[in-house]
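Engineer: Dumping the structure here so I can ask a few things about it.
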Amino acid sequence: MSDTITKEQIFKPENIVYKKTDLMTDNVLSYCPGCGHGTAHRILMEVIDEMGLQSKTIGIAPVGCSVLAYEFMNVDMQQAAHGRAPALATAIKRLLPDKTVFSYQGDGDLAAIGTAETIHACNRGENFTVIFVNNGIYGMTGGQMAPTTLEGMKSSTSPYGRDPQSMGHPLKMTELVAQLPGTYYVTRQAVHTPAAVRKAKKAIRKAIELQQQKVGMTFVEVVSNCNSGWKMTPVDSNKWMVENMFPFYPLGDIKVDGKLVKEV
Amino acid sequence: MGKELRLMKGNEAFAEAVIRDGADGYFGYPITPQSEVMEYLMVEKPYEKTGMVVLQAESEVAAINMLYGGAGCGKKVLTSSSSPGMSLMQEGISYLAGSELPCIIMDAMRGGPGLGTIQPGQADYFQVTKGGGHGDYRLIVLAPASVQEMYDFVEISFDLAFKYRNPVIVLTDGAIGQMMEKVYIGEQKVRLTEEEIKEKYPWATLGKTPDRERNIITSLDLDPYRHERHNIKLQKKYKEIEKNEVRYEEINCDDADYIIVAYGTSARISQKSMDIAREKGIKVGIFRPISLWPFPKKALRQLSERVKGILAVEMSAGQMVEDIRMHAVESTPVEHYGRMGGVIPTPNEIVDVIENTFVKS
Ligand SMILES: Cc1ncc(C[n+]2csc(CCOP(=O)(O)OP(=O)(O)O)c2C)c(N)n1
Ligand code: SF4
Ligand SMILES: [Mg+2]
């Protein structure tokens, strides 16, 4: 292969294969290499960028590994107390109905400490979008059991595996909120392969588009890996996710146009 | 003062003032003895008149975090609650203070601890003036003692909240909230437009426009040195507030031998005690802190130099009295008289205490 491409050629617009959206800042991501959070950030920001919504968007960062989302997303952002993002988003959207508002939350944030805020915001049919990154664990605090941790799954606080008898069963928040009349579009996606990323981005785009029509809550779960918390390599964690997480948290739309499309 | 005169309950006057002052949003959870605030707002439908949002939250935890979201957008937002609800809000209040967000939180105190009682109390003084939530923060605390002040303190509180980017507590109780008095109502103010908010509060998250960097509302900073600088900045602000925002009232203090220090309901009752005592020839005056934080320490100290005794009257086991003791001159005795559990002291009880502890001794 002799025809190496020069720097000048690379910079030519027609040769650009991929350009980072300006809505992602140049700050170095604080996520572990291989973690799904960064990809989820990027596709969300690409959607906001492509829809020309930067100047109208207000995002809420949670408490969790993505607590610093505001360092990476180049939109106006607020950082919420653990689990309270939907309360912030509710008020923002009520006070500024023409803004695009999203909360970005982990599974501990959304499905444990913030369960009440999540369910009530969904039940009131608040017109914002929830991006729910479910990695079945508390990543930030070092891999403790989350409400979403699978049966038998090991974590630092379920070192012999989650025993549902004493530790409860994994909680399917997405199926739960889909049953509430206030949710309009509820879907479960993943970001572990290029094809999955494309699908997840489409789903986020759909959610943000629907938000403009003020039809109710739009809710996108992203099943993701936590290679650090799961104590696996990134590659192994994605494989483990496909084999173990997806059977319990099956991908696909759960509610479309306000109607359940799947038995929950 | 406004021209329109009405007969109103304290809670209603507070709610009416909120509408008239052009508030943008009320978020609350029902709890006696202040549920009339949200009920009044729901009946009045300010969303049709001024566009103000009124929302019943699922809990005080949600309500205080709704304030965070709204305040972060530069909106005039408030909530009202009572002691158990206040306890639930402490995490959110700490975040509001840390992120320097303006808002009003009205606390109609009831007797505690725990579920306590729905009757009036003043035992949240420590919670609102000393902390309650985590971290080194201060709240501006105003204590109305009449229905008129329940009305007037809304405007003052919003002004202070935005001037200093800090939560303001209106500390009251069921007696002030439920009693009816005449009240002068002000003109209807127009709510700020988004453009005006942008202009006045450039920090507000209203959407990142090309003319500025993105706005971030957060209380987090993982760099300890930078975070210490943030804390130092907060402390400077609190010093500034202590310098500028002390409020108090002195009644018949000029010739007084004895001073009752009391706020809110206790101050109202003590006024009657003062009259009874003066009829008996005991020269009693009242020093009423209006701002509980910043506490009027200088004025109290000066007064303490001139009198023979100070009696703190509180509906608690003795909370404000600690601040009085800290600032009064040592040579003047400071005593405390309090009722607890929702019991309101009678004017004669207080006179008896003055006679027994100061006059006869
Ligand atoms: C009130 C409160 N309790 C506990 C914590 C500690 N904490 C920080 S992040 C976290 C769990 C986050 O897990 P998750 O939401 O799943 O996010 P992830 O890091 O996995 O993305 C906990 C318990 C906190 N910050 N605040
Ligand atoms: S701890 Fe887990 S969730 Fe957090 S950044 Fe690392 S891999 Fe991602
Ligand atoms: Mg998690």
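Engineer: Just to verify a result, which residue in region A:219-229, among those that are within 11 Å of A:I137 (Cβ to Cβ) and surrounded by 22 or more Cβ atoms within 10 Å (Cβ to Cβ), is nearest to the chain's Cα centre (by Cα)?
Structural biologist: A:S224
Engineer: Mind listing whichever residues of region B:131-151 are surrounded by 22 or more Cβ atoms within 10 Å (Cβ to Cβ), assigned to a helix (DSSP H, G or I) and of a type outside the set (V, I, T)?
Structural biologist: Correct list: B:E149, B:M150, B:Y151.
Engineer: Looking at A:A190, is it within 16 Å of ligand 2 (Cβ to nearest atom) and small (G, A, S)?
Structural biologist: For A:A190, the condition - within 16 Å of ligand 2 (Cβ to nearest atom) and small (G, A, S) - is met.
Engineer: All but one of (1) away from ligand 2 (no atom under 16 Å from the Cβ); (2) surrounded by fewer than 19 Cβ atoms within 10 Å (Cβ to Cβ) hold for A:M45, so report the exception by its number.
Structural biologist: Single failed check for A:M45: (2).
Engineer: Might you let me know whether region A:77-97 holds any residue that is under 21 Å from B:I217 (Cα atoms), of a type in the set (D, E, K, R), outside any strand (DSSP E or B) and out of contact with any Gly (no Cβ under 9 Å at 6 or more places or on another chain)?
Structural biologist: Looking through region A:77-97, none of the residues is under 21 Å from B:I217 (Cα atoms), of a type in the set (D, E, K, R), outside any strand (DSSP E or B) and out of contact with any Gly (no Cβ under 9 Å at 6 or more places or on another chain).
Engineer: Right, A:G142: within 16 Å of ligand 3 (Cβ to nearest atom), of a type outside the set (S, T, Y), surrounded by fewer than 20 Cβ atoms within 10 Å (Cβ to Cβ) and touching a residue at least 40 places away in the same chain (Cβ under 8 Å) or not?
Structural biologist: Yes, satisfied.
Engineer: When you scan region A:36-58, do you find a residue that is within 16 Å of ligand 3 (Cβ to nearest atom) and over 15 Å from the mean Cα position of the chain (by Cα), even just one?
Structural biologist: no
Engineer: Now a separate question. Out of the residues in region B:179-216 that are in contact with a Gly (Cβ under 7 Å, 6 or more places away or on another chain) and under 30 Å from B:Q122 (Cβ atoms), which is farthest from the other protein chains (Cβ to nearest Cβ)?
Structural biologist: Here the residue is B:M179.
Engineer: Taking strands (runs of 3 or more DSSP E) that fall entirely within region B:1-113, which contain at least 3 residues that are in contact with a strand residue (DSSP E or B) (Cβ under 9 Å, 6 or more places away or on another chain) and not hydrophobic (A, V, I, L, M, F, W, C)?
Structural biologist: In region B:1-113, the matching strands (runs of 3 or more DSSP E) lie at B:4-9, B:25-28, B:77-81.
Engineer: Which residue out of B:K208, B:K198 is surrounded by 13 or more Cβ atoms within 10 Å (Cβ to Cβ) and out of contact with any helix residue (DSSP H, G or I) (no Cβ under 7 Å at 6 or more places or on another chain)?
Structural biologist: B:K198
Engineer: Within region B:95-107, is there a residue that is without any contact (Cβ under 8 Å) to a residue 40 or more places away in the chain and not aliphatic (A, V, I, L, M)?
Structural biologist: no
Engineer: Let me confirm something: among A:E14, A:E117, which residue is among the charged types (D, E, K, R) and either touching a Ser or Thr at 6+ places or on another chain (Cβ under 8 Å) or within 28 Å of A:L171 (Cα to Cα) (or both)?
Structural biologist: A:E117
Engineer: Please state which one of B:I344, B:I290, B:I350, B:I354 is within 11 Å of B:I259 (Cβ to Cβ) and of a type in the set (V, I, T).
Structural biologist: Of the residues listed, the single one that is within 11 Å of B:I259 (Cβ to Cβ) and of a type in the set (V, I, T) is B:I354.
Engineer: Can you name every residue in region A:231-264 that is crowded, with 23+ Cβ neighbours inside 10 Å and either of a type outside the set (V, I, T) or within 16 Å of ligand 3 (Cβ to nearest atom) (or both)?
Structural biologist: Within region A:231-264, A:S237, A:M241, A:M245, A:K255 meet the criteria.
Engineer: With the checklist (1) more than 19 Å from the chain's Cα centre (by Cα); (2) under 21 Å from B:P167 (Cβ atoms) in hand, flag the one item B:E60 doesn't pass.
Structural biologist: With (1) more than 19 Å from the chain's Cα centre (by Cα); (2) under 21 Å from B:P167 (Cβ atoms) applied to B:E60, the lone miss is (1).
Engineer: Next question. Go through (1) closer than 19 Å to B:P289 by Cα; (2) within 14 Å of chain A (Cβ to nearest Cβ) and name the single condition B:S219 misses.
Structural biologist: The one condition B:S219 does not meet is (1).
Engineer: Another question, if that's okay. Please go through (1) farther than 27 Å from A:V197 by Cα; (2) small (G, A, S); (3) outside any loop (DSSP other than H, G, I, E, B) for A:G161 and return the number of the only condition it doesn't satisfy.
Structural biologist: Condition not satisfied by A:G161: (3).
Engineer: Looking at (1) facing another protein chain (nearest Cβ under 10 Å); (2) away from ligand 1 (no atom under 11 Å from the Cβ), which is the one condition that is false for A:A81?
Structural biologist: Of everything listed in (1) facing another protein chain (nearest Cβ under 10 Å); (2) away from ligand 1 (no atom under 11 Å from the Cβ), A:A81 misses just condition (2).
Engineer: Here is a follow-up. Give region A:45-63 a look and list any residue that's out of contact with any His (no Cβ under 6 Å at 6 or more places or on another chain) and either within 17 Å of B:I216 (Cβ to Cβ) or within 7 Å of another protein chain (Cβ to nearest Cβ) (or both), or say none.
Structural biologist: Result: A:M45, A:I48, A:Q54, A:S55, A:K56, A:T57, A:I58, A:G59, A:I60, A:A61, A:P62.
Engineer: Continuing with the same structure: Starting from region A:112-139, keep only residues that are over 14 Å from A:E221 (Cβ atoms) and without any contact (Cβ under 8 Å) to a residue 40 or more places away in the chain, then list their pairs with residues that are among the acidic types (D, E) and away from ligand 2 (no atom under 16 Å from the Cβ) whose Cβ atoms are within a distance under 7 Å, requiring at least 6 positions of separation or different chains.
Structural biologist: A:A116/B:E58; A:H120/B:E58
Engineer: Do you know which of the residues in region B:34-76 that are of a type in the set (S, T, Y) and within 14 Å of chain A (Cβ to nearest Cβ) is surrounded by the most Cβ atoms within 10 Å (Cβ to Cβ)?
Structural biologist: B:Y68
Engineer: Let me ask something additional. Collect the residues in region A:203-241 that are of a type in the set (S, T, Y) and assigned to a loop (DSSP other than H, G, I, E, B), keeping them in residue-number order.
Structural biologist: A:S224, A:T233
Engineer: A further question follows. Could you tell me whether any residue of region B:214-234 is among the aromatic types (F, W, Y) and out of contact with any helix residue (DSSP H, G or I) (no Cβ under 9 Å at 6 or more places or on another chain)?
Structural biologist: yes
Engineer: Within region A:23-46, can you find the residues that are outside any loop (DSSP other than H, G, I, E, B) and of a type in the set (D, E, K, R)?
Structural biologist: Within region A:23-46, A:R42, A:E46 meet the criteria.
Each reported figure results from applying straightforward, stated rules to the coordinates on display, with no laboratory input. Just so it is clear, the structure is predicted and the values come from calculations on it, not from any experiment. Cβ coordinates were reconstructed from backbone atoms using ideal geometry, including for glycine residues, and neighbour counts include every protein chain displayed.
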